[in-house]
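Any read-out appearing in this document is the output of simple, stated calculations on the displayed coordinates, not a laboratory observation. Source: prediction; values computed, not measured. Please note: Cβ atoms are built from the backbone with ideal geometry, for glycine as well, and neighbour counts cover all protein chains shown.
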Amino acid sequence: MECIFFTLKRDLKIYLFTLFLIYLFPKNHQIRMSISSFDDKILAVTAYFPLQKSKHLKKDYLAWINNLLRVFQGPLVIFTNHEGSAFLKLIKKQFCILTMFSDPFSIPCMKNLSNEYERQNKIDIEKKIHNKFMYAIWNSKICLVNEAKLLFPFFSFYMWIDIGSLREKHYYNISIPRGNLSDDLIALKFDILFACINNKINRFHDMTIDFIEGGFFICSNQGVDLFYSEFWRIHNFLLQKHIFVGKDQTLYNYLFFNSNYSIKILPLFASQNCNKWFGFYSFISSTNVCNLTFQLFTKKQFLETTKVKDPTNVFGFDYLL
């Protein structure tokens, strides 16, 4: 473990927690502490596991990572391995870099899925550009958020952001997260906040459509546990039925339509000036560079606006509930 951050508001708790970590990892881990003025209610989580086969060139990916880390001002946990850590250390900013896992399949929730995900690739309609390591990274997002919460349980919200998602020039001069974001999140009263990139939905669509954004979500402290348990319940059920589970956003679709938790939707499909896949940066940044009007919906409100007549169990998945 290479850093622990703490704030003046919670310095005693975090200080004691840091002493515990030093006791737990006396030789193998270096712990650096810093006092910052960031909003201590939101912890961002991401991951970087370099792969031999990826959807993008390595040089592009490293440039995107640098883009994100350059503008990120709050507490951020990055799960990576030693190869990824070597690159991240070149960026002259202090984040919490955790090298707990050597590869995606060493993440606790992934340990027994390597062979199964190899078989999953055979039924993937995009198998030429995907592989089992990608599935493991995508599906481990909520696992890593959960790991971060176990290490740092004092935050009110936990936010996942794909580390390679800041690709557009619109966002090069932003600052994230904006100072009043946590106040807005508290007022929303939700367990899980998803970003939605498509409002063309009806009860006959399947779960593989591009609907819920995979690269960004926010959970309340309690919502992390709910998301984790529901995600894996759905994942394991579909796996037993030999249904493809390799893409995180597909499973998020299932979760949205079949969960009774308090879910809020951040609509991004109205984005005209920016790529809708990355429009969430306008919501969490200090400037709304895409000039979006953010009207967040409850699940019921959203389904009513899309004219889905039966907002409950839209896809006949009641045996999961």
(request) State the extension gain, in nm to one decimal, for the chain segment bounded by ILE125 and HIS82, taking 0.36 nm per residue of separation less the distance between their alpha-carbons. (result) 12.2 nm
(request) Using θ = phi - 60° and the Karplus relation 6.51 cos²θ - 1.76 cosθ + 1.60, list the HN-Hα couplings for the range 72-81 in order, rounded to whole Hz, with x at every Gly or Pro. (result) 7, 10, x, x, 9, 9, 10, 8, 7, 10
(message) Defining a contact as two alpha carbons under 8 Å apart and six or more residues distant in sequence, what relative contact order in percent does the range 38-320 show?
(response) 20 percent
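As a quick test, which of the pairs LYS149/LYS276; LYS41/LYS189; LYS89/LYS247; LYS200/LYS276 have an alpha carbon distance above 19 angstrom in this structure?
Violating the 19 Å Cα-Cα cut-off are LYS149/LYS276; LYS89/LYS247.
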(request) Take every Cα pair under 8 Å in the range 43-123 that's 6+ residues apart, average their separations, divide by the length, and report that relative contact order as a whole percent. (result) 30 percent
(request) About the Cα centre of the range 38-320, how large is the charge dipole given +1 on each Lys and Arg Cβ and -1 on each Asp and Glu Cβ? Please answer in debye to the nearest 20. (result) 580 debye
(message) How much of the DSSP bridge set in the range 38-320 is antiparallel, in percent, rounded to the nearest 5?
(response) 40 percent
(request) Express the Stokes-Einstein translational diffusion coefficient of the range 38-320 in µm² s⁻¹, to the nearest whole number, given a Kirkwood radius over alpha-carbon pairs, 37 °C and a viscosity of 0.692 mPa s. (result) 170 µm²/s
(request) Using label points projected 7 Å from each Cα along Cα→Cβ, tell me how many nm separate GLN94 and LEU296, to one decimal. (result) 3.0 nm
